Amino acid sequence: MVDNKKRVFWHFTFKDILTILCSAAIPIALAIYTAIGSEQQKQQDEKKQNFNLEQSRELRQQTLYDEFINNIFKLDNYGYLKEKKNPWAFANAYYRAADRQWDTIRKADVIQFLKEKQLIGRNNCTNGCKTTNLVDIIRLNELNLDNIRLASQTGVLNKLNLQCISFDQVSMSNAIFSFASLNGASFDGGRLDKVKFDSSSLLCASFNGVNLSEADFGNSNLTGAQFSNSDMSGAKLTEDQIKQASFHNVTMPNGKKSKATPSTTIKEPITQTTTIIKTKKAKTASPSSTTTTTTTTTTTSSSTSSTTTTGLCIQVTYPYDAHSYWALENNVADSISNLSGTAVNAPIYTNSGVNGGYNLRLISSSNQYITIPTYQSFVSTSFTVEMWIYPTSLNSGTSYGLFSQYESLTQDHNLYLILSGENLKMGFWDDDVTSETALLINTCYHVAFVYDNSSQTQIIYLNGVQDTNRSSAGPYLGASGAIHIGNYYDGSNHTFDGAIDEVTLYMNARSASDILSDATLSTWHSFDCGISYDSGPNRIKGTAYNVILASGRVGQGLSYTSSSSYYQLYGFPLLGTSNHPYSISLWIQRTSTGAGTVVYVSSQTGGGGWCIDFMGFSSSGQIIGASYDGVIRDVVGPILSTNVWVHVATTFSTTNGVRLYVNGSLIGSTGAIIYAASGTLNTVTLGNPLRTGCVKKSIAPGTFYGYLDEFRLYSRELTAADVTALANP
């Protein structure tokens, strides 16, 4: 049987089928056309919106830039950019607030504006190395300048002037410097991975502790540039550039550690000693510890000496990892960050500092102290505060503020480092620890307060040695408040009575060895950073008279060839304190036999007053170590051969008396004696007694002829292990 309905379907005419298809296709086509048109309109709308957003962003960037320029103009017009306005807090606040919002183009424009306005890179680096030592008004440290491009508009015709700018601790990943003059610039502590220096000049530039992985130095000039403690793995350097610069403890492009290599920069002698240095302090300089090594440019000479800067220079001008440092040299400036202070009620400065410079003298009855209004957070973090103090009154039941930050009288909201009567005390309010040692008035002390957030431990150190500690402390929670130096507030002020010097703040928990070094390494002259430079924490500058630099036992040393040759240092209050321990260490190479003075100490710079030879030779050439307890007490050692380097050290304590070591071996001891010191600041003279009328015993005073190197003076008795380490560098 046939299905008629099915047959009817298959007998549609072509016209019928076409009619059916057209009726269906027209709506579909209209739908497709409408969809395409809608998508095109959407794209046009998005493009217009993106354009408007870009225009809005550009307008905002330009507005921010214009506002900053206008603010700087106002500050300049009102005198807030003058020297007396240091630390220029308003200018830095405007800059940092705006910098967080600028794009890289505006950041580059502002860097150039600040340089042209002499707000950064203020020092003279015309000939490459820095010849002045001015503080920048605007500080770039800790900023993010990633992907910034700083380039000359005229290329080789005129390099972009970025000389002597301090980019310390700045992040500049993927940055480009093109046809830029960066002579004397500093990038210490920065992040410069994948940075590109294209046809730029980097004479005497400093790269200490820098990430330079995959950096490209192109065809830039690196003459005199100093690279130390840095990572240059994968960096692009030519053989000529490696010869131009100096490298110490650097991971080189081939992945190997560099050896100390000298740069090609040599400074000509001038008529007086001048050292201009921008460096950071080594973590420690004790005999058994490691140091962070950096380099510098120096221009140093007496009338008969000159110096060459080398990669062996070990420097510690500023605390290496410190956050803030107040030297208190006639001001309350923070030479590292922006925590400079203001003196309250006109305290004075006296020239009796631990390094022979100035210190801050506070009178409690006059309510004198230093206030630092800029907030610094100590919330739930580790920190260390170190300082030298000289109390002139200590009364039971009375508090004397040393360092504090007050938010409220609530547990863990009031940070105070104080003297509670005669004892040091550290606390966060109702959460504190008190030292076990009673301090004396009219005595110089180094004190350190450490809070280790990881172990929640408060630790107090006195003269470099841990005095007490307390666990389960803190953390500190105060989120506001000014810092006070020399004052503590608990509803009323508790100001310090005496002198304060060399205050340093670290935002980490310093190790015991670091603090011991800071407290007891009185001076360290390696002579590798120039003839006057002190690599110890107190920065006691030496003065050379008819002494020149020559090859030493380690790097460079001093050469004595004239009867009028000597090297002199001034300061050392602890060496002038009776019964206080001390140690002397140095390398000696004699070129003549017989008598001679090596270390001479006097209360007057001319050699008079209280004076003795601490180390020297007998008339037959025996090496001798001596001290004074009313009469000379000494230890006589062996005759030292000529033209041979010998390490000699003497140590003193009232228990052991004077001990003499030669090449690390103990020669002998006086046994227990007292030390009758000068009672004042001392002058230490190397190689000459200056006067011959001072009290003496076995040492035959006279000019030393030969070489001296690596002179160290400690305010503690070194152990035999310490001396052995010094005798085996």
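The values are calculated or read from the model by the stated rules, or taken from the named source; none is laboratory data. Computed from a prediction, not measured in an experiment: that's the story for all the values here. Neighbour counts run over all protein chains shown; Cβ positions are idealised from the backbone, glycine included.
Go through (1) in contact (Cβ under 8 Å) with a residue 60 or more places away in the chain; (2) in a strand (DSSP E or B); (3) of a type outside the set (V, I, T) for N469 and report which single condition fails.
(1)
Give segment 133-142 a look and list any residue that's at pLDDT 85 or above and either out of contact with any strand residue (DSSP E or B) (no Cβ under 9 Å at 6 or more places or on another chain) or surrounded by fewer than 18 Cβ atoms within 10 Å (Cβ to Cβ) (or both), or say none.
Passing the criteria: I137, I138.
Which residue is surrounded by the fewest Cβ atoms within 10 Å (Cβ to Cβ), if the candidates are limited to segment 324-346 and must be among the small types (G, A, S) and outside any strand (DSSP E or B)? Step through it out loud before you land on a result.
From segment 324-346, those among the small types (G, A, S) are 324, 327, 333, 335, 337, 340-341, 343, 346; that's our starting set.
Add one more test, that the residue is outside any strand (DSSP E or B), and what stays is 327, 333, 335, 337, 340-341, 346.
Details: A327: 22, A333: 17, S335: 17, S337: 19, S340: 21, G341: 25, A346: 8.
Filtering first and then ranking leaves A346.
At positive phi and outside the structural domain of T443 (by the TED database): is that true of G687 in this structure? Full working, then the answer.
Details: at positive phi: yes; outside the structural domain of T443 (by the TED database): yes.
Judged against the criteria, G687 is a match.
Just one of the numbered conditions (1) touching a Phe, Trp or Tyr at 6+ places or on another chain (Cβ under 6 Å); (2) in a loop (DSSP other than H, G, I, E, B) is not true of G576; which one?
In the conditions (1) touching a Phe, Trp or Tyr at 6+ places or on another chain (Cβ under 6 Å); (2) in a loop (DSSP other than H, G, I, E, B), G576 misses (1) alone.
If we scan segment 613-634, do we find a residue that is in contact with a Cys (Cβ under 9 Å, 6 or more places away or on another chain) and of a type in the set (D, E)? Give the derivation first.
Taking segment 613-634 as the starting set, the residues that turn out to be in contact with a Cys (Cβ under 9 Å, 6 or more places away or on another chain) are 613.
Then keep just the ones that are of a type in the set (D, E); that gives 613.
Yes; the residues of segment 613-634 include at least one that is in contact with a Cys (Cβ under 9 Å, 6 or more places away or on another chain) and of a type in the set (D, E).
Within segment 117-132, which residues are at pLDDT 85 or above and among the small types (G, A, S)?
G121
In segment 211-261, which residues are farther than 20 Å from V156 by Cβ, in contact (Cβ under 8 Å) with a residue 40 or more places away in the chain and of a type in the set (V, I, T)?
T261
If V156 satisfies every condition in (1) surrounded by fewer than 20 Cβ atoms within 10 Å (Cβ to Cβ); (2) farther than 27 Å from A333 by Cβ; (3) at pLDDT 90 or above but one, which is the exception?
(3)
Inspect segment 384-403 for any residue being more than 30 Å from the chain's Cα centre (by Cα), β-branched (V, I, T) and closer than 25 Å to G571 by Cα and give the result as yes or no.
Let us first name the residues in segment 384-403 that are more than 30 Å from the chain's Cα centre (by Cα), namely 392-399.
Subsequent filtering for residues that are β-branched (V, I, T) retains 392, 398.
Those left that are additionally closer than 25 Å to G571 by Cα: 392.
Yes, the conditions are met somewhere in segment 384-403.
Inspect segment 527-545 for any residue being assigned to a strand (DSSP E or B) and either surrounded by fewer than 21 Cβ atoms within 10 Å (Cβ to Cβ) or not assigned by the TED database to the domain that holds D722 (or both) and give the result as yes or no. Lay out the reasoning, then the answer.
Of all residues in segment 527-545, those assigned to a strand (DSSP E or B) come to 543-545.
Checking which are either surrounded by fewer than 21 Cβ atoms within 10 Å (Cβ to Cβ) or not assigned by the TED database to the domain that holds D722 (or both) leaves us with 543, 545.
Within segment 527-545 (the criterion being assigned to a strand (DSSP E or B) and either surrounded by fewer than 21 Cβ atoms within 10 Å (Cβ to Cβ) or not assigned by the TED database to the domain that holds D722 (or both)), the answer is yes, since at least one residue qualifies.
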